[in-house]
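Here the structure comes first, spelled out in structure tokens, and everything after it is commentary.
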2 protein chains.
Amino acid sequence: MAVMPPLDPAIAARLKRDDSGLVAAVVQQHDTGEVLMLGWMDDEALRRTLVEGRVTFWSRSRQEYWRKGDTSGHVQWVRSVALDCDGDALLVRVDQVGAACHTGDRTCFDAGDLGATAGEQVGHDTQQGGAA
Amino acid sequence: MAVMPPLDPAIAARLKRDDSGLVAAVVQQHDTGEVLMLGWMDDEALRRTLVEGRVTFWSRSRQEYWRKGDTSGHVQWVRSVALDCDGDALLVRVDQVGAACHTGDRTCFDAGDLGATAGEQVGHDTQQGGAA
């Protein structure tokens with residue numbers, strides 16, 4: 001069995017992992033800008049994502065690696081991966097095949113509007129408006 | 001001192017918080033689709049964000065509430081807030097004033113490209129391509 005090289009140490013040194021060794025990965029459709037879902041990656045999931053052209057997460061519920069689309073066919077083809085300024089979040093831009101959400105919705109946020117009150121700047125003053 | 005009502009129990013019941021009581025909040029510019037940053041919210045930060053028209057986070061490093069823009073002027077005006085299918089991530093669509101990143105960059109991901117190998121589907125086959 002081939003021994004995989006670890007994640008590039010220069011990248012690994014920049015990660016600010018949570019207590020479970022994970023960073024958040026925001027997945028965005030590269031052309032429309034849709035935020036599709038949020039997943040979690042450890043060093044190995046990130047390494048695979050950077051070199052395989054497909055997105056791999058660490059599943060917190062199943063405690064195993066999970067390459068998106070292997071079961072559903074709803075593959076995420078990697079376009080770019082960026083780390084944020086403080087090292088605890090990744091932005092993964094992809095070309096999403098089909099639905100990103102296991103419910104069949106295009107994104108995992110489609111069904112979850114919480115009815116926020118909108119705010120807006122008016123001139124030099126500020127106000128709140130919209131329905132609660 | 002006024003006692004604030006807690007977060008709507010129907011919403012609170014849907015949150016899947018981490019061990020620190022937090023959920024991830026992805027912040028997106030509402031019109032361009034830019035992913036600006038990722039922050040963290042507890043129930044109270046979410047409650048404030050839903051009713052105040054401005055985004056409040058919980059700062060993990062400072063262990064305090066942090067209403068974006070109070071110091072920098074780089075306010076995030078709320079347009080909508082959605083919870084994802086499994087309750088551990090929020091998508092907050094905003095109108096961002098100025099730079100979202102403390103470095104002065106528009107987004108916290110601008111300076112962080114990790115040089116991923118891109119993947120793409122070609123016909124019914126798959127391939128990887130692009131520079132490593």
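The values are calculated or read from the model by the stated rules, or taken from the named source; none is laboratory data. If you're wondering where the values come from, they're calculated on a predicted model, not measured in any experiment. Every residue, glycine as well, gets a Cβ built from its backbone with ideal geometry; the counts of neighbours run over all protein chains shown.
Among the candidates B:Arg54, B:Arg67, B:Arg60, which residue alone is of a type in the set (Lys, Arg) and within 24 Å of B:Lys16 (Cβ to Cβ)? First the steps, then the outcome.
Working: B:Arg54 fails: within 24 Å of B:Lys16 (Cβ to Cβ); B:Arg67 fails: within 24 Å of B:Lys16 (Cβ to Cβ).
From the options B:Arg54, B:Arg67, B:Arg60, the qualifying one is B:Arg60.
Evaluating B:Val51 against the criteria (1) touching a strand residue (DSSP E or B) at 6+ places or on another chain (Cβ under 8 Å); (2) facing chain A (nearest Cβ under 7 Å) leaves one unmet condition, (1).
Each residue in region A:64-73 was checked for being out of contact with any strand residue (DSSP E or B) (no Cβ under 7 Å at 6 or more places or on another chain) and either surrounded by 17 or more Cβ atoms within 10 Å (Cβ to Cβ) or not in a loop (DSSP other than H, G, I, E, B) (or both), and 1 pass. When B:Phe57 is tested against (1) at the interface with chain A (Cβ under 7 Å from one of its Cβ atoms); (2) in contact with a helix residue (DSSP H, G or I) (Cβ under 6 Å, 6 or more places away or on another chain), just one condition goes unmet, and that condition is (1).
Of everything in region B:98-123, what is hydroxyl-bearing (Ser, Thr, Tyr) and at the interface with chain A (Cβ under 7 Å from one of its Cβ atoms)? Give them in sequence order. Spell out the reasoning first.
Let us first name the residues in region B:98-123 that are hydroxyl-bearing (Ser, Thr, Tyr), namely B:103, B:107, B:117.
The answer is B:Thr103, B:Thr117.
Residues that are part of a helix (DSSP H, G or I) and within 11 Å of another protein chain (Cβ to nearest Cβ) within region A:1-11 comprise A:Ala10, A:Ile11, listed in sequence order. Within region A:76-83, the presence of at least one residue that is modelled with pLDDT of 95 or more, touching a Leu at 6+ places or on another chain (Cβ under 6 Å) and of a type in the set (Val, Ile, Thr) is confirmed. Between A:Ala82, A:Ala100, the distinction of being without any contact (Cβ under 8 Å) to a residue 12 or more places away in the chain and hydrophobic (A, V, I, L, M, F, W, C) belongs to A:Ala82 only.
The set of residues from region A:98-117 being over 21 Å from B:Val23 (Cα atoms) and either under 15 Å from the mean Cα position of the chain (by Cα) or not in a loop (DSSP other than H, G, I, E, B) (or both) comprises A:Ala99, A:Arg106. Residues in region A:75-97 that are part of a loop (DSSP other than H, G, I, E, B) and facing chain B (nearest Cβ under 8 Å) were compared, and the one that is nearest to B:Ala118 (Cα to Cα) is A:Val75.
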